[in-house]
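Asks: Please see the structure below; I have some questions.
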Amino acid sequence: MRVLVVGSGAREHALCVALSSDPAVTALACAPGNAGTARIAEAAPLEVADPVAVAALATGWGADLVVVGPEVPLVAGAADAVREAGVACFGPSAQAAQIEGSKSFAKHVMAAAGVPTARSWPVGGAAELETALDEARQLGGAAPYVVKDDGLAAGKGVVVTPDRDAAVAHGRAVLDAGGAVLVEEFLDGPEVSLFAVTDGTTVLPLLPAQDHKRRDDGDAGPNTGGMGAYAPLPWAPDGLVAEVLATVLQPTVDEMRRRGEPFAGLLYAGLALTSRGVRVVEFNARFGDPETQVVLPLLETPLAGLLHAAATGTLADHPPLRWRPGAAVTVVVAASGYPERPRTGDPVTGADGEGVLHAGTAVDAEGTVRSAGGRVLAVTATGSDLAAARQAAYERVAAVRLAGAHWRSDIALAAVEGRIAVPEV
């Protein structure tokens, strides 16, 4: 099978690592790729937001399967264009990808499907913003305000703050930029990321993971695209995956099909385990980053056949998923100034070892690997348990050299120390 991966981040590098070890994959390309993917996959220039260009590359390269990594090409219609060109594609249509592209659309789907989620207030103007914040405060008491960009924001479009002025400033900035805003009820309890592979009918959940969104230790600092992740979750309640499949994932897929907008690809449920039970924080329409970096190393089932079954509507015939024992931890090494004003162009060394996944890197004319984005590397390790995986990951981080680099020192630490508690329902 000839597989083309679309994208250039650590998520795509993780996908390429998993696919490159699959005996069914006879050729692998990643476009546009990065300095890490170039070592294991063919590279090709590509404007990922151009569906016509994605389809042209797929047919020109002779792909049997295209795996679209980022959300932007999915919302733009890349999967539609690839399928129209006669090539199997793992990724939802542009219509179905609105479940990530519009948080208001996702709320309508959840309401119709009876999926539990936070109460929300759509906002189209400054006056509505003030009213929505008042109603959220009346509902939640002293709970923090939650203000979200209604559109795509690369995981950085939400502010959770007790400071009303900060909440108003974020909402107005989104509105002033021509966007729409969603104010939401605050959800207490730890968050969980659960991926599910689906062909629009059958749904196969993967292993739950937890992301660390805040930039600094102790969940301080600004929101980011993710500073690290780990899997599995030793504190997760028994039966969590089965419950989410029955109450969130399957009802959502069924509702999308009922609407004539079937969702086939990777449905990512961001969940909060609250004192009122499981609630959906958000849906994404693709593999999450950095959670993919810890879920895929634990998946023993060959990845190419799984994704091809979802892309061709044959997932019901796929055998049950198999998982490796142990745990995985990934630590993101970020550039100086991330996420507000990341510095790029600095040389990166120590980035060619096992488990070092490239995110924002490029190779200059002299062959030097340089930083080319805010999140530069995702350093991943597995171990017999979470503590062992965590130790191995940080040993690998210590070998990386990047001027002004920043990373959290507490990824998975609370889980290892048993400090994560799920509220009683």
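Read-outs: derived from the displayed coordinates by stated rules, not from any lab. What you see is a predicted model; the values in this text were computed from it and never measured. Please note: Cβ atoms are built from the backbone with ideal geometry, for glycine as well, and neighbour counts cover all protein chains shown.
Asks: Let me check against my output: what whole-number percent is the relative contact order of the stretch 282-350, with C-alpha pairs under 8 Å and at least 6 apart?
Replies: Relative contact order of the stretch 282-350: 32 percent.
Asks: While we're on this one: Given the C-alpha centroids of the stretch 7-46 and the stretch 167-226, what is the distance between them in whole angstrom?
Replies: Comparing the Cα centres of the stretch 7-46 and the stretch 167-226, I get a distance of 26 Å.
Asks: Right, something else. Using the Cα atoms as the points, what is the convex hull volume per residue of the stretch 267-400 in Å³?
Replies: 172 Å³
Asks: Based on DSSP H runs of at least 4 residues, each adding -39500 (n - 2.57), what is the mean residue ellipticity at 222 nm of the chain after dividing by all its residues, to the nearest 500 deg cm²/dmol?
Replies: Value at 222 nm, helices only: -8000 deg cm²/dmol.
Asks: Let me ask something else. Give me the percent relative contact order of the stretch 1-130, please, defined on Cα pairs under 8 angstrom at least 6 residues apart.
Replies: 19 percent.
Asks: Could you give the distance between the Cα centres of the stretch 231-291 and the stretch 374-425, to the whole Å?
Replies: Using only Cα atoms, the two centres lie 24 Å from each other.
Asks: Just to compare against my own numbers: the Cα pair-distance distribution for the stretch 189-304, 10 Å bins, whole % per bin, please.
Replies: All Cα pairs considered, the percentages come to 13, 45, 33, 9, 0.
Asks: Return the long-range amide H neighbours of L377 (sequence gap of 5 or more, or a different chain), with a cut-off of under 5 Å between placed amide H atoms.
Replies: Residues meeting the criterion, in which the H sits 1.01 Å from N, are V333, A359, G360.
Asks: In the chain, which longest range has no GluC sites (Glu not before Pro) that are both DSSP loop (not H, G, I, E or B) and surrounded by at most 15 other Cβ atoms within 10 Å?
Replies: It runs 48-299.
Asks: A follow-up question, please. Which whole-number percent is the relative contact order of the stretch 121-184 (Cα, under 8 Å, 6+ apart)?
Replies: Relative contact order comes out at 45 percent.
Asks: For the chain, modelled as a Gaussian network with Cα springs under 10 Å, which listed residue fluctuates most, V376, V329, V159?
Replies: V159
Asks: Quote the Stokes-Einstein diffusion coefficient, in whole µm² s⁻¹, for the stretch 327-416, based on the Kirkwood radius over alpha carbon pairs, a temperature of 4 °C and a viscosity of 1.567 mPa s.
Replies: Estimated via Stokes-Einstein, D reaches 98 µm²/s.
Asks: Expressed as a fraction of 2.2 N^0.38 Å, the rule-of-thumb size for a compact globular protein of N residues, what is the C-alpha radius of gyration of the stretch 154-232?
Replies: 1.36
Asks: Assuming R0 = 41 Å, what is the FRET efficiency of R164 and R259, from their Cβ-Cβ distance, to the nearest 0.05?
Replies: Plugging the Cβ-Cβ distance into 1/(1 + (r/R0)^6) gives 0.65.
Asks: Over the Cα atoms of the stretch 238-316, how large are the radius of gyration and the largest Cα-Cα distance (Dmax), in Å?
Replies: Rg then Dmax for the stretch 238-316, in Å: 13.8, 40.
Asks: In addition: Show the residues, 5+ positions off or on another chain, whose built amide H is closer than 5 Å to the amide H of C89.
Replies: For C89, whose amide H was placed from the backbone, the distant partners under 5 Å are V66.
Asks: Right, something else. Compute the orientation-averaged projected area for the chain from the convex hull of its Cα atoms and round it to one decimal in nm².
Replies: For the Cα atoms of the chain, the hull's average projected area reads 19.2 nm².
Asks: Further question: Over all directions, what mean area does the Cα convex hull of the stretch 68-183 project, stated in square nanometres?
Replies: Its Cα hull, projected and averaged over all orientations, spans 8.1 nm².
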